[in-house]
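Only one structure is covered here, and it is reproduced in the block below.
The values are calculated or read from the model by the stated rules, or taken from the named source; none is laboratory data. The model shown is predicted, which means the values in this text are computed figures rather than measured ones. For neighbour counting, all protein chains shown are included, and Cβ atoms are generated from backbone atoms with ideal geometry for every residue, glycine included.
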Amino acid sequence: YTPPSVSATDNLIPLFGLSTIQASVARTDPVTGAKRKLRKSYKGHITDLPGKNEIPTEHYILRLVHAPPPEPPVPIDRPIDQALLENVFSMDKTPESGVAGFDVGVLGV
């Protein structure tokens, strides 16, 4: 075990060269001491990134939390055919010729 060279008690801002970023997002201007307006959105910070940078307005997690609980599964009213189960879930060894229709060259792509 080699202890890490960085500790959680270290000041990471100068260690990783983040002073200019810290100054750009500071709540007060370091020169004048005037308070800066805080932005409520991060959209301006991500506009130069490639891809779709839209902030979602619909919250999927909230819909899940407030959704009614799912209905319980319908119980099976007849016995399960054991022969069918053995046929469907059989675990036979792959033949020496391999799986029919499978191209192993695709794995290297």
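Applying the condition of being modelled with pLDDT under 80 and among the β-branched types (Val, Ile, Thr) to the stretch 77-109 and asking which residue is surrounded by the fewest Cβ atoms within 10 Å (Cβ to Cβ) yields VAL109.
Specify the residue that is modelled with the lowest pLDDT; the eligible residues are those in the stretch 17-41 that are surrounded by 10 or more Cβ atoms within 10 Å (Cβ to Cβ) and assigned to a loop (DSSP other than H, G, I, E, B). Applying the filter and picking the extreme gives ARG39. Filtering the stretch 53-87 to residues that are closer than 25 Å to LYS43 by Cβ and in a loop (DSSP other than H, G, I, E, B) leaves ASN53, GLU54, ILE55, PRO56, THR57, GLU58, HIS59.
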